[in-house]
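Enquirer: To start, I am sharing the structure in question, which I have written as structure tokens.
The values are calculated or read from the model by the stated rules, or taken from the named source; none is laboratory data. Note that the structure is a prediction, hence the values are computed from the model and not measured. Positions of Cβ are backbone-derived with ideal geometry, glycine not excepted, and every protein chain shown enters the neighbour counts. Just the protein is used for accessible areas: all its heavy atoms, side chains included, with ligands, DNA and RNA removed. Shrake-Rupley method; radii C 1.70, N 1.55, O 1.52, S 1.80 Å.
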Amino acid sequence: MASARRRKPKILEHEYVPEHRVLSIEEARDLLKRLGVSPLQLPKISVNDPVAKALGAKPGDIIEIVRKSPTGGKVVYYRFVAAYGKS
Amino acid sequence: MPLPSRIPFYKETDVIDKIVFGVLSPDEIRKISRVTVVRGELYEADGTPVSGGLRDPNFGAIEPGERCPVCGNTRETCPGHFGRIELAKPVFIPHYTDYLYKLLQATCRVCGRITLPSEKIEKYRMIYRRLRARWPQLAKVFSERVIAEAAQATKCPHCGAQQYKINYVKPFHFYEHRGSEGPVRLSPEEVQDRVSRTQSEIEILGFHPERARPEHMIASVLIVPPVSVRPSITLETGLRSEDDLTHALAEIVRQNEKLRNIMMTNAPQTMIEDNWYVLQELVAGYIDNELPGARRLTHRRKRTLKTLAQRLKGKEGRLRGNLSGKRVNFSARTVISPDPNISINEVGVPLEVAMTLTVPMKVTPYNIEEARRYVLNGPYKWPGAVYVYKADEGRKYSLKYANREELAKKLKPGDIVERHLINGDIVLFNRQPSLHRMSIMGHIVRVMPGKTFRLNLLVCPPYNADFDGDEMNLHVPQLEEAMAEARELMLVEKHILTPRYGGPIIGGRQDYISGGYILTVKTSFFTREEVSQLLAAAGYEGELPEPAILKPGPYWTGKQIASLFFPDDLLFKGKSKTNAGDLSCPDEFCFHDSYIVIRHGRLLEGVLDKKAIGAEEPNNVLHMIALEYGNEAARRLLDSLYKSFIRVLELRGLTMSVHDIDLPEEARRRVEELIKEYKKRVYELYREYREGRLETIPGRTPEESLEIKIMDTLDELRKEVQTLAANYLDPFNDVFIMARTGARGSEVNISQMAAMLGQQSVRGKRIARGFRNRPLAHFKPSDVEPEAWGFIKGSFRDGLSPTEVFFHAAAGREGLVDTAVKTSQSGYMQRRLINALQDLYVYYDGTVRDSWGNIIQFKYGEDGVDPMRTYHGKAVDVDRLIEKARAMRARGGVKVA
Ligand SMILES: [Mg+2]
Ligand SMILES: [Zn+2]
Ligand SMILES: [Zn+2]
Ligand SMILES: [Zn+2]
């Protein structure tokens, strides 16, 4: 009987899951300043998204996603963690 | 009471701050309306409008010269005024019933409170408010959940009243299941009574407690729009024909008065109910005459009336028909025809069109003489003018009637002359369907005799135009700003490269390709006279180069001619379209002249065909010129060299006859043999199948495997016949030249003409439908002959047998159906994509955002690259850069002018 807390967040290591990372408060502030947007103007991700859960992200966090793209090589994307979505 | 002469209904300085949508209350309707309609008739016997009828003068002035009794304006300025019908009994308004149903379910039938404990209501209220501020979509979902929870209650927590299940049957029936009593219908009156008791807490359910009161969602007073909304038309017979809305309203008024009378005579309850329900149907139909399950309002039992919803809905409705797309002035439409002699930037405009469309021309001290000439010429002599606006008099004169000499004399700077379209004007030219931005481009006017718009052939690809009867639209910008935008942003030459994939979309097709090949192929030599003709067609005015050959006489190559038009340091290397099959070579050491090498602007080897000068062929010579030397350089090339491609065909001639697809006897015999051989293979497959020896394809039944193998075999046969035909035909016959250069047709087409059509298919299968076990009665059931299942061994040259014609037609029809289906489906997809994406744009910081500034992409296309300025998607072509650097060094590192 493995407890949920002890289970390793394996999905983050999966090949098809791009690199996800929760930004620190300073990084988040710099990002918002650089883009000139409020957090709500960023694309969103549900707290209940498996990746957000695996990272332990909380509503209000900003997640940085580094993806591989056929056109742009390494591409950085950001998502604001929102408190909605099916759990 | 004295009426003011004019009540302005808006002030120019007023700014719309916000618009509030809500449901009108009876009191508001009474306040707005100027007349109560009580009579169904429209006119008295003498033709005057009935007072208290649907054409009461208080609805606003409509006749010329009439003064509005309400606002004092004439028809030009009276905005029209609303009226009302006081309904004898309230009725449901369609489209609101769904909201009422929710409310009935979630609130108490006695006290009107939401059937949840008070604490819960307060808690939900807080949650709802927070959600609405941040996640409006989520707030809606939340409301649904609250409704579902409250609907479960069997007893009101506030007053203790028992709650019953409510059932809604579309369109206007609410039933309450009161246990033993069975279902009881709730009349609009009862529903209105119940929902009017609800309190401000219904905001949790998604209602605005003040602006959208649920009791107002049931009509007790019906608002009647002014006559200007439902104008009548007078037919030639002098009879008046009223608008559908007026007809619908008249029926409502008549039924309403009837119901009121019945109620006053204390008639039986069922009679009241019946007439009440008729009124309900009429009101519903007046609002939406296409309600499912409801009766349609008709005109004399025939035509269904077009009522309010029908005016707005659909393609011809107000939104899609009049707001998203509307008819405009200063536009023209006619058939298009080709003109290879004008510039790609131009459009030939018929004189008649040029004398109908006008451009406002502001008179200045510098153009006043020109303006006078236009005025003197008047509307019927080109170039003339149609109207003159005298700024000092503030008046507009029509030159059809005015004294033109006098007007020309008193013309002053500041006046505006609406002159004819003249050469050099900028216009927008469009062909539907407008699928990409190149479907509307700016053209320079060239006025011509004739009745068609003339179009350079090189701009056919972006418009997808041909000349089999296509029509196009032309629009004349009326403001300097619009004209400047058209010239600077929309001009044809600015769209040689497409933003879709970065490649030339304007360029040669068909004869231009064959011509480019004929001109530059190494067997072509031209005399001084021919060279002069070719260069004259291209508008070349420089010196003739040295002839390539001096004995037996001076001869020039086509490559020399083409080289005259390239930029001096143009560098290009690449395969031509002819570099394929037996004539293919990987590099510049090509014996067949099918590898293009251009160095220092000289065409050294290779032919100019589709892969050099063609449209929609990325990374070709034309693309490199447009990309590296600019749109104008590319346009100059298209307007000069390309004309000699056409001219060379006129010198040499390019045509085809049946003899171009004649195969020698030997070839025909070999085709026969091939067919025999492959048919044997097919029989063998059948035998293997019958004997159970046939290898089954994984995931397929034996029958399917057999079918697939037969089709593969016959396809192999087609390929063999194709190579055979290609080998026997003269590669320099005109049909073959067209196929090889990519001008028109392919080897498949040629082999189908010369040798054999091959297997015909419907939905990717051999043709099998028709009779039992055979497609046609001409064959035995379950025939093993491929001919029985749509295999055609005949050719177009020899003609098809009747059964072959049938199979060919069956396969041909599939193509037609496919295109019809595909265009309608992709059209709908296009509409939805445009609606979803139209407000997105690239910010100056490279992000893609919507109109609220929400970020969609952090970098446009993930790489921030504009495809239009790339080498077919690649931002940098390193190989090409190295090649260019080498070439430059070979010339001593200096860019040669
Ligand atoms: Mg056509
Ligand atoms: Zn008025
Ligand atoms: Zn109650
Ligand atoms: Zn070669």
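Enquirer: If a residue has to be without any contact (Cβ under 8 Å) to a residue 60 or more places away in the chain, more than 14 Å from every other protein chain (Cβ to nearest Cβ), under 27 Å from residue A:60 (Cβ atoms) and crowded, with 18+ Cβ neighbours inside 10 Å to count, how many in the stretch B:124-157 make the cut?
Expert: Count: 1.
Enquirer: Tell me, yes or no, whether the stretch B:525-537 has at least one residue that is β-branched (Val, Ile, Thr), open to solvent by 40 Å² or more (accessible area, probe 1.4 Å) and within 19 Å of residue B:644 (Cα to Cα).
Expert: Yes: the stretch B:525-537 contains one or more residues that are β-branched (Val, Ile, Thr), open to solvent by 40 Å² or more (accessible area, probe 1.4 Å) and within 19 Å of residue B:644 (Cα to Cα).
Enquirer: Checking residue B:80 against (1) away from chain A (no Cβ under 14 Å); (2) assigned to a helix (DSSP H, G or I), only one condition comes out false. Which one?
Expert: The number of the failed condition is (2).
Enquirer: Between B:853, B:861, B:827, which is part of a helix (DSSP H, G or I) and within 14 Å of chain A (Cβ to nearest Cβ)?
Expert: Matching residue, one of B:853, B:861, B:827: B:861.
Enquirer: In this structure, is residue B:887 farther than 19 Å from residue B:435 by Cβ and small (Gly, Ala, Ser)?
Expert: So residue B:887 fits the description; yes.
Enquirer: Among B:254, B:301, B:260, which is the only one that is more than 17 Å from residue B:95 (Cα to Cα) and in a loop (DSSP other than H, G, I, E, B)?
Expert: B:301
Enquirer: Could you run through the stretch B:83-111 and say how many residues are under 15 Å from residue B:203 (Cα atoms), surrounded by fewer than 22 Cβ atoms within 10 Å (Cβ to Cβ) and small (Gly, Ala, Ser)?
Expert: So the count comes out to 0.
Enquirer: Moving to a separate point now. Would it be correct to say that residue B:628 is away from chain A (no Cβ under 14 Å), of a type in the set (Asp, Glu), more than 16 Å from ligand 4 (Cβ to nearest atom) and surrounded by fewer than 21 Cβ atoms within 10 Å (Cβ to Cβ)?
Expert: yes
Enquirer: Return the pair list, or none, for Cβ contacts closer than 8 Å from residues in the stretch B:885-897 that are outside the structural domain of residue B:568 (by TED's automatic domain parsing) to residues that are modelled with pLDDT under 55, at least 6 apart or on different chains.
Expert: Every condition considered, the pairs that remain are B:888/B:894; B:888/B:895.
Conditions tested, residue by residue: (1) under 30 Å from residue B:63 (Cα atoms); (2) touching an Asp or Glu at 6+ places or on another chain (Cβ under 6 Å); (3) surrounded by 17 or more Cβ atoms within 10 Å (Cβ to Cβ).
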site	(1), (2), (3)
B:178	no, no, no
B:192	no, yes, yes
B:199	no, no, no
B:216	no, no, yes
B:223	yes, no, no
B:229	yes, no, no
B:233	yes, no, no
B:240	yes, no, no
B:257	yes, no, no
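Enquirer: Here is a further query. I want to confirm something. Restricting to the stretch B:431-456 and keeping residues that are modelled with pLDDT of 95 or more, open to solvent by 30 Å² or more (accessible area, probe 1.4 Å) and in a loop (DSSP other than H, G, I, E, B), which single residue is farthest from residue B:353 (Cα to Cα)?
Expert: Among those residues, the one meeting the criterion is B:431.
This table checks each residue for (1) away from every other protein chain (no Cβ under 14 Å); (2) at negative phi; (3) open to solvent by 40 Å² or more (accessible area, probe 1.4 Å).
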site	(1), (2), (3)
A:24	yes, yes, yes
A:34	no, yes, yes
A:40	no, yes, yes
A:51	yes, yes, no
A:57	yes, yes, no
A:60	no, no, yes
A:72	no, yes, no
A:75	no, yes, no
A:80	no, yes, no
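Enquirer: Does residue B:714 satisfy the condition of being among the aliphatic types (A, V, I, L, M), part of a helix (DSSP H, G or I), touching a strand residue (DSSP E or B) at 6+ places or on another chain (Cβ under 7 Å) and over 30 Å from residue B:564 (Cβ atoms)?
Expert: So residue B:714 fits the description; yes.
Enquirer: Another question, if that's okay. Here is a list of conditions, (1) part of a helix (DSSP H, G or I); (2) under 30 Å from residue B:284 (Cβ atoms); (3) more than 14 Å from chain A (Cβ to nearest Cβ); (4) β-branched (Val, Ile, Thr), and residue B:121 meets all of them except one; can you say which number that is?
Expert: All conditions pass for residue B:121, except number (2).
Enquirer: Then there is this: Pull out all pairs, ordered by first then second residue, where Cβ-Cβ is under 8 Å, the residues are six or more apart or on different chains, the first lies in the stretch B:574-597 and is within 14 Å of chain A (Cβ to nearest Cβ), and the second is within 16 Å of ligand 1 (Cβ to nearest atom) and open to solvent by 20 Å² or more (accessible area, probe 1.4 Å).
Expert: none
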